[in-house]
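Student: My questions will all concern the structure given below.
The values are calculated or read from the model by the stated rules, or taken from the named source; none is laboratory data. Keep in mind the model is a prediction, meaning the values are calculated, not measured. Don't worry about glycine lacking a Cβ; one is built from the backbone with ideal geometry, like all the others, and counts go over all protein chains shown.
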Amino acid sequence: MRVLGLTGGIGMGKSTVARLLGTAGFAVFDADAAVHALQAPGGRALPAIADLVPGSVRDGVLDRAVLRRAALADPQIMRGLERIIHPMVRQERMRFLARARRRGRSWAVLDIPLLFETGGDRACDRVAVVSAPRDVQISRIARRRHVSADQAAALIARQMPDREKRRRADDVILTGLSRGDTVRRVRRLVARLRAEERKR
C-alpha cells in the first residue's frame, strides 16, 4: 500500500479536496477529526489535559475557553498540549493505516494540516499540497471565522509559508477558480495515482 500525504494552509480548500478523494474511493485519515475526538466529552486526551491545565476539564467535558486562556497566557501550555495530542494522533494514524492495509487498499490518504511541520511527510510516498491565491485564502478565512482581513493575514503568518509547502510537494492542487475546476484537478491527481498503482 502507498500513502499520499495531503496538506495545505488554512483556507486553502484542503477539506474539499479530501472529501473529493474520499468520494473517489480513497481511504482518508482526517487528523483534525482525530484531534476533535480525543478532546470530545470522555475523549482519551482529557485526563492528561486536566493535569496540564487544572480546571480545564469538568465532568469529562473540555472547557475550551479555559484552555485557550491558559495557552495564551503561557506558551509552555501549548507545547505541553502538543506533547499530549501529537503522539495520540500518531497512534490513530497507525491504526488507520493498518486497517487500510488489511482491507487491501492500494492508496491511503493522510489529511494532516501540519504534515511537514511534524515530519509526517516522511511516512508518505507522495505529498499533495492544496493551494489558493492569497486574496482567496484571506477571504475564505475572514468569512468562515468571522474575522477581519488583517486577522486572517495574522493567522496565515503563523503557518509555514505556502510557497515552501508547494516547493516540497510532489503534486500541487490549485483551488480558488471554481468548484468544477477543483474537481477536474483532483480527478487528474486520482488518475496519476491509479496509473502509478498499475505500474507496480
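Student: Name the helices (runs of 4 or more DSSP H) wholly inside segment 67-171 in which the number of residues that are polar (S, T, N, Q) and over 21 Å from A31 (Cα atoms) is 1 or more. It would help to see each step written out before you state the result.
Tutor: Values: elements: 75-102, 134-145, 149-157, 162-168.
Once the helices (runs of 4 or more DSSP H) in segment 67-171 are filtered for at least 1 residues that are polar (S, T, N, Q) and over 21 Å from A31 (Cα atoms), what remains is 75-102, 134-145, 149-157.
Student: Follow-up. Against the conditions (1) modelled with pLDDT of 95 or more; (2) within 15 Å of the chain's Cα centre (by Cα); (3) not assigned by TED's automatic domain parsing to the domain that holds Q137, where does A98 fall short? Just the number, please.
Tutor: Evaluating A98 over (1) modelled with pLDDT of 95 or more; (2) within 15 Å of the chain's Cα centre (by Cα); (3) not assigned by TED's automatic domain parsing to the domain that holds Q137 leaves (2) as the failure.
Student: Could you check, for segment 35-47, whether at least one of its residues is within 30 Å of R185 (Cα to Cα) and surrounded by 13 or more Cβ atoms within 10 Å (Cβ to Cβ)? Spell out how you get there, then give the answer.
Tutor: The first filter runs over segment 35-47 and keeps only residues within 30 Å of R185 (Cα to Cα), leaving 35-36.
Cutting the leftovers down to surrounded by 13 or more Cβ atoms within 10 Å (Cβ to Cβ) gives us 35.
Checking segment 35-47: at least one residue is within 30 Å of R185 (Cα to Cα) and surrounded by 13 or more Cβ atoms within 10 Å (Cβ to Cβ).
Student: Check whether at least one residue in segment 168-176 is free of Cβ contacts under 8 Å to residues at least 40 places away in the same chain and either of a type outside the set (A, V, I, L, M) or more than 30 Å from R122 (Cβ to Cβ) (or both), and report yes or no. Show your work before the answer.
Tutor: Of all residues in segment 168-176, those free of Cβ contacts under 8 Å to residues at least 40 places away in the same chain come to none.
Checked against the condition, which is being free of Cβ contacts under 8 Å to residues at least 40 places away in the same chain and either of a type outside the set (A, V, I, L, M) or more than 30 Å from R122 (Cβ to Cβ) (or both), segment 168-176 yields no hits at all.
Student: I'd like to check something: does segment 145-152 contain any residue that is crowded, with 18+ Cβ neighbours inside 10 Å and out of contact with any His (no Cβ under 6 Å at 6 or more places or on another chain)? Working first, answer last.
Tutor: To start, the set of residues in segment 145-152 that are crowded, with 18+ Cβ neighbours inside 10 Å comprises 152.
Those still in the list that are out of contact with any His (no Cβ under 6 Å at 6 or more places or on another chain) too: 152.
Yes, because at least one residue in segment 145-152 is crowded, with 18+ Cβ neighbours inside 10 Å and out of contact with any His (no Cβ under 6 Å at 6 or more places or on another chain).
Student: Which residues, counting only those in segment 1-18, are part of a helix (DSSP H, G or I) and either modelled with pLDDT of 95 or more or surrounded by 20 or more Cβ atoms within 10 Å (Cβ to Cβ) (or both)?
Tutor: Filtering segment 1-18 down to residues part of a helix (DSSP H, G or I) leaves 14-18.
Residues satisfying the conditions are K14, V17, A18.
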